[in-house]
Amino acid sequence: MNQGKICVSICADTVSKFIENINKARGQGDLIELRFDCLRKDELNAEDVESLRNTLAKIVGGESYPPWITTFRPKSQGGERELSDFERRNFWNVGSETEIADLEEDMVDDSWSWLWSERICSFHSFAGVPDDIESIFRRLVQTQADIIKIAVNVGDATEAIEVWKLLDNSSVRVIPIAMSEPGKWTRILGLAHGAPITYASLDEGAETAPGQISARDLRDVFRVKELNRETEVYGVIAGNTSYSLSPYMHNATFKQAARNSVFIPLQVEDLDKFIRRMVKPATREVELNFRGFSVTNPHKQAIVRHLDVIDETAQKIGAVNTVKVEDGKLHGYNTDAPGFIGPLKELYGDLKDVRVAVAGAGGAARACIYALQQEGANVTLLVRDVAKASALVNGFEIKVEQLTTDNRPLSTDILVNATPLGTRGPGENDTIATADELLDVKLVYDLVYNPAETRLLREAKAAGAKTLGGIDMLIAQGAEQFLIWTGTKAPLDIMKAAITERLSKTNAG
């Protein structure tokens, strides 16, 4: 357990909605941030400040409400509307000893310290990490604020390192925030490393800053208040972690096993830089106690060159989806192969001499090919660009055919989609085949797991084929990962329940 607090950020454009959201936030966190800059100008002007805040103080000041942070941020610093200097100074000259003031650097001197229980000096950069971030930090410390908050937008997990270093190397209280999806690890691990506050949204879709995580997920999924510097950190390394269900699945197993472990999203574009700056003992710049990773698109093959040890199956496949960090060495495994083949055999039966077409050109496709050939299946690889498939099929004696969209029926017993096509997002309604092309196919296996039912699976059902979704594989390969990392069997029922709950919430949203 750490001493940090979860702060739920409240935003609304009218006073009535503001109060409604405040009431919803009760019990969600340890603090509430009231974003007064969200209110429309006709709902809050210079003459209304004191009366409105007195009204809110009576509501939020009750025993059933947590303490609150007052924020009135101009648009240039991430606020919701333009604010004049007069409006800002007028606002900050009214306060309460029960409130925490979150001020920008130019307003600290204009806010009277005796009006507030504490003052936070905030700096926001939405253009990325400033080159002079350390000098900016030293300047903010000179304001004599009680807490320094620096929030910067990042495009890769490693870009957050510079702001994180401020936390590890400072004698003052610091809130380091890397905004957007690649920076989520700072929001999850901050409290464990001494940050006094981490900010959360009231719910998904109610974020007041890029990359905010809901208070419920911070508290119940990532268990951020239970983490400390000894916490074993695992994570999913991916080009896009926003749709991943792995954090929900693995954190549920850690919670059920009462392990001091957490599983975090690590959105990585430059894998080499990530391994060098954040993982390898000789070169890493931060100490996060990494113990293992799940590796997915597009890094399953690229990760191989960074490993110290690779198991036999992963070597034959030429792709790694699981890494265990032990005694400073990186051990690579492939749990995609057993995770893929188990559910397929359970549904279809014996695969010897069965015709299977695998669509894809990445590490997942290689794992499927390997597992199918181990079972004696007759495998054909379907790719958009046949010329580029030579590297993929190296080591496998299989046929390669072009994946077309001419509506000709596919001549195969089983079709496997090992591409990301159909994953939740812009390409969610895309498919590698339509019902007309699936008329002769007996079973369609889509490795995409979010959404649970892809367009490809709907097309397969329309054609009368059996279907198998990616959730079964996700659970099976995840259970193998848990065994590799912990040496114990995973609770499959807990994994499935966590994924089902998450997908249900996502679909409802």
Kindly provide the helix-only [θ] at 222 nm of the chain, computed as the sum of -39,500 (n - 2.57) over DSSP H runs of four or more divided by all residues, to the nearest 500 deg cm²/dmol? -8500 deg cm²/dmol
Mind checking which aspartates and glutamates have their C-alpha under 13 Å from residue 280, skipping anything on the same chain fewer than 8 residues away? 272, 308, 326, 327
Projecting each Cα onto the charge dipole of the chain (Lys/Arg +1, Asp/Glu -1 at the beta carbon, about the Cα centre), which of 120, 158, 373 comes out farthest on the positive side? 373
Across 10 Å bins beginning at 0, the whole-percent shares of Cα-Cα pair distances in region 350-509 come to 10, 36, 36, 16, 2
Furthest towards positive pole of dipole, 299, 441, 1, structure part the chain, Cβ charges: 441
The simple spin-label model distance between residue 308 and residue 428, using points 7 Å out along Cα→Cβ, in nm, is 4.3 nm
Which are the unpartnered cysteines of the chain, meaning those with no other cysteine Cβ under 4.7 Å from their Cβ? 7, 121, 368
For a protection proxy built on the mean count of beta-carbon atoms within 10 angstrom, sort 148-159, 424-435, 408-419, 101-112 highest first, please. 148-159, 408-419, 101-112, 424-435
Under the rule a/c < 1.5 gives rounded, and otherwise a/b versus b/c splits prolate from oblate, where does region 335-431 land using the Cα gyration tensor? rounded
Given 10 Å bins starting at zero, what is the percent of C-alpha pairs of the chain in each, up to the one with the largest pair distance? 4, 18, 26, 21, 15, 10, 5, 1, 0
Low-density loop positions, GluC sites (Glu not before Pro), region 315-413 - DSSP coil, at most 13 other Cβ in 10 Å: 397
Tell me the Kirkwood radius of region 224-342: reciprocal of the mean inverse pair distance over distinct alpha-carbon atoms, in Å. 14.8 Å
PRE reach from residue 458 (point 7 Å along Cα→Cβ): which of region 408-445 fall under 14 Å by backbone N? 422-425, 427-435
For region 180-223, give the magnitude of the charge dipole about the Cα centre (Cβ charges: +1 Lys/Arg, -1 Asp/Glu; no others), in debye to the nearest 20. 220 debye
Could you give the length gained by full extension between residue 169 and residue 126, i.e. 0.36 nm per residue of separation minus their alpha carbon distance, to one decimal place? 13.1 nm
Using only Cα atoms and rounding to the nearest 10 degrees, what angle (0 to 90) does helix 246-256 make with the longest principal axis of the chain? 80 degrees
Paired Rg and Dmax values of region 131-210, which use every Cα atom, in angstrom: 12.4, 36
Carbon and sulfur %, accessible surface of region 313-370 computed with the full protein complex present, 1.4 Å: 45 percent
Value of relative contact order over the chain, rounded to a whole percent, pairs C-alpha under 8 Å and six or more apart: 9 percent
Whose amide H sits under 5 Å from the amide H of residue 380, counting only residues 5 or more places off or on another chain, with H placed in the peptide plane? 356, 357, 358
Among all lysine pairs in region 340-486 that are eight or more places apart or on different chains, how many have alpha carbons less than 19 angstrom apart? 8
Between residue 385 and residue 1, take the C-beta separation as r, use R0 = 51 Å, and let me know the FRET efficiency to the nearest 0.05. 0.45
Using a simple charge model, +1 on the beta-carbon of Lys and Arg, -1 on the beta-carbon of Asp and Glu, nothing else, what dipole does region 304-363 show about its Cα centre, in debye to the nearest 20? 200 debye
Rounded to 0.05, the calculated FRET efficiency for the beta carbons of residue 258 and residue 347 at R₀ = 25 Å is 0.15
Taking r as the C-beta separation of residue 440 and residue 489 and R0 as 45 Å, the FRET efficiency to the nearest 0.05 is 0.70
State in Å² the accessible area per residue of region 388-449; use a 1.4 Å probe, count heavy atoms of protein chains only, and round to the nearest integer. 50 Å²
Given unit charges at Cβ for Lys, Arg (+) and Asp, Glu (-), the dipole magnitude of the chain about its Cα centre in debye, nearest 20, is 1120 debye
Cα pair distances in region 254-322, grouped into 10 Å bins until the bin that holds the longest one, percent each: 17, 47, 31, 5
Among 248, 213, 194, the residue whose Cα sits farthest towards the positive end of the charge dipole of region 171-256, when +1 is placed on the Cβ of each Lys and Arg and -1 on the Cβ of each Asp and Glu, is 194
Strictly over 18 Å apart at the Cα level, which of 5/225; 5/165; 225/273; 149/184 would you flag in this model? 5/165; 225/273
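The values are calculated or read from the model by the stated rules, or taken from the named source; none is laboratory data. None of these values were measured; they are calculated from a predicted model. Glycine gets a Cβ as well: all are built from the backbone with ideal geometry, and neighbour counts include every protein chain shown. Each accessible area value is taken on the protein alone, full model and side chains, heavy atoms only, with ligands, DNA and RNA left out. Shrake-Rupley method; radii C 1.70, N 1.55, O 1.52, S 1.80 Å.
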